[in-house]
1. Does the stretch 177-203 hold any residues that are within 16 Å of ligand 2 (Cβ to nearest atom) and either part of a loop (DSSP other than H, G, I, E, B) or open to solvent by 30 Å² or more (accessible area, probe 1.4 Å) (or both), and which are they?
2. Taking only the stretch 117-141 into account, find how many residues are within 12 Å of the chain's Cα centre (by Cα) and assigned to a helix (DSSP H, G or I).
3. Go through the stretch 142-176 residue by residue and tally those that are among the polar types (S, T, N, Q), within 17 Å of the chain's Cα centre (by Cα) and part of a strand (DSSP E or B).
4. For Val97, indicate whether it is at pLDDT 95 or above, under 18 Å from the mean Cα position of the chain (by Cα) and open to solvent by 50 Å² or more (accessible area, probe 1.4 Å).
5. Of (1) acidic (Asp, Glu); (2) open to solvent by less than 60 Å² (accessible area, probe 1.4 Å); (3) closer than 16 Å to Pro124 by Cβ, Asp30 satisfies all except one. Which?
6. Is it fair to say Ala76 is within 13 Å of ligand 1 (Cβ to nearest atom) and either open to solvent by 30 Å² or more (accessible area, probe 1.4 Å) or in the same structural domain as Asp193 (by TED's automatic domain parsing) (or both)?
7. Just to verify a result, which residue in the stretch 156-176, among those that are open to solvent by less than 10 Å² (accessible area, probe 1.4 Å) and in contact with an Asp or Glu (Cβ under 9 Å, 6 or more places away or on another chain), is farthest from Val128 (Cα to Cα)?
8. Have a look at Glu253, Glu269, Glu248 and point out the one that is out of contact with any strand residue (DSSP E or B) (no Cβ under 6 Å at 6 or more places or on another chain), within 22 Å of Thr176 (Cβ to Cβ) and of a type in the set (Asp, Glu).
Amino acid sequence: MTYSDTVRAALPALQQKEHVRILALETSCDETAAAVVEDGRKILSNCVYTQIDLHALYGGVVPEIASRAHVEKVDAMVDAALREAHMTLEEADALAVTYGPGLVGALLAGVSCMKGLAFMTGKPLIPVHHIEGHICANYLTWPELEPPFVCLVVSGGHSHILEVTDYGEYRLLGCTQDDAAGEAFDKAARVLDLPYPGGPRLDKLADAGDPQALKLPRPHTDGPYDFSFSGLKTAFINAVHHQDQTGERMPAEDLAASFRAAVVSQLVEKTMLAAENARASTLALAGGVSANSLLRREMQSACDRRGIRLYMPRLDLCGDNGAMIGSAAYYRLRRGELAGLDLNARPSLSLF
Ligand code: KG4
Ligand code: ZN
């Protein structure tokens with residue numbers, strides 16, 4: 001029997017099994033992360049090696065450095081995740097890996113590693129979409145959360161409003177027309193000379209500033225639930241340069257607070273409009289930017305005013321991690337979505 005025949009034959013029994021433990025690997029960008037998750041909801045281990053120090057020198061992720069670091073670290077992270085879960089590889093029921101979207105070399109490091117383990121052990125391999133993983137970080141945080149709900153996904157590469165109609169089923173409501181929210185935060189942070197990754201640092205700095213200090217434009221978008229951040233970013237960069245030329249730069253705290261407020265108000269307004277029109281009673285946040293403190297506060301009060309129940313991932317699950325991939329993989333396994341040994345990295349993989 002071939003590998004595919006073996007795993008297909010074993011699938012029905014696995015889908016009936018009372019407890020399913022999945023070993024998951026995430027290497028789409030600059031975190032080498034491995035985890036073991038039980039039944040899509042319970043984290044048995046979650047090990048993240050961040051490459052931030054390697055890239056900080058260059059002010060952003062260098063794809064070649066990222067790929068190499070993943071190749072060097074994947075084995076150790078898989079071992080660490082199994083050890084922390086008090087398990088052997090044999091005891092894992094299935095394997096999962098992020099196969100897109102992301103940096104091609106980085107994705108390939110994870111996909112190759114997991115394909116090797118799948119071939120060696122004969123265990124099923126579940127291919128996971130990175131953004132689906134971010135959404136599922138909410139299932140790990142909130143046991144009672146189930147679809148349907150509207151979700152705002154905001155990361156370094158994505159800004160989407162979508163409807164999760166069922167496990168693994170998504171309907172796009174709106175998305176960014178240009179930059180992603182995280183990308184905009186990182187670029188604004190660079191102008192303020194904050195080290196990479198700037199988003200979280202800008203967030204901290206903004207807490208001590210006046211959000212009204214700098215007037216920034218309100219962007220126009222095609223669709224009512226679409227976003228645009230590049231005009232905002234350019235206006236911000238121009239304003240800072242202009243202030244430098246006149247020798248009167250505002251305090252960095254005020255600049256950071258003004259930029260953060262402009263991004264967050266756009267995210268909150270569009271998401272609320274989409275949630276109201278979809279008659280959603282439940283909303284979730286996902287992705288690295290969902291760690292933003294103002295976004296969390298403002299979204300909570302906007303939801304409270306409208307009687308919408310808001311779910312946000314635990315702070316340590318907002319950024320890239322393996323547990324979110326293990327959760328998404330569980331629901332894919334239930335639908336019988338398995339990969340063959342011909343699985344390839346898909347840098348521009350779409351969710352819709
Ligand atoms: O989801 P993520 O970890 O990786 C991608 O899939 O892109 O998101 C990373 C992004 C970066 O742009 C980072 O600056 C941003 O999330 N980010 C934040 C905060 N924490 C992370 N942006 C604003 N405020 C934060 N607190
Ligand atoms: Zn991510």
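The values are calculated or read from the model by the stated rules, or taken from the named source; none is laboratory data. The structure presented is a predicted model; accordingly, all values stated were derived computationally and were not measured. In this analysis, Cβ positions are derived from the backbone assuming ideal geometry, glycine residues included, and neighbour counts consider all displayed protein chains. Quick note on the areas: whole protein, heavy atoms, side chains included, nothing else; ligands and nucleic acids left out. Shrake-Rupley method; radii C 1.70, N 1.55, O 1.52, S 1.80 Å.
1. If the condition is that a residue be within 16 Å of ligand 2 (Cβ to nearest atom) and either part of a loop (DSSP other than H, G, I, E, B) or open to solvent by 30 Å² or more (accessible area, probe 1.4 Å) (or both), then Asp179, Ala180, Glu183, Asp186, Tyr196, Pro197, Pro200 are the ones that fit.
2. Of the residues in the stretch 117-141, 9 are within 12 Å of the chain's Cα centre (by Cα) and assigned to a helix (DSSP H, G or I).
3. 2
4. Numbers: at pLDDT 95 or above: yes; under 18 Å from the mean Cα position of the chain (by Cα): yes; open to solvent by 50 Å² or more (accessible area, probe 1.4 Å): no.
Taking the combined requirement at face value, the residue does not satisfy it.
5. Failed condition: (3).
6. Details: within 13 Å of ligand 1 (Cβ to nearest atom): no; either open to solvent by 30 Å² or more (accessible area, probe 1.4 Å) or in the same structural domain as Asp193 (by TED's automatic domain parsing) (or both): yes.
No; evaluated as a whole, the condition is false for this residue.
7. Here is the first cut: in the stretch 156-176, the ones open to solvent by less than 10 Å² (accessible area, probe 1.4 Å) are 159, 161-162, 164, 174.
Within this subset, residues satisfying the condition of being in contact with an Asp or Glu (Cβ under 9 Å, 6 or more places away or on another chain) are 159, 161, 174.
Details: Ser159: 19, Ile161: 20, Gly174: 22 Å.
Applying the filter and picking the extreme gives Gly174.
8. Values: Glu253 fails: within 22 Å of Thr176 (Cβ to Cβ); Glu248 fails: within 22 Å of Thr176 (Cβ to Cβ).
Just a single option satisfies the conditions, and that option is Glu269.
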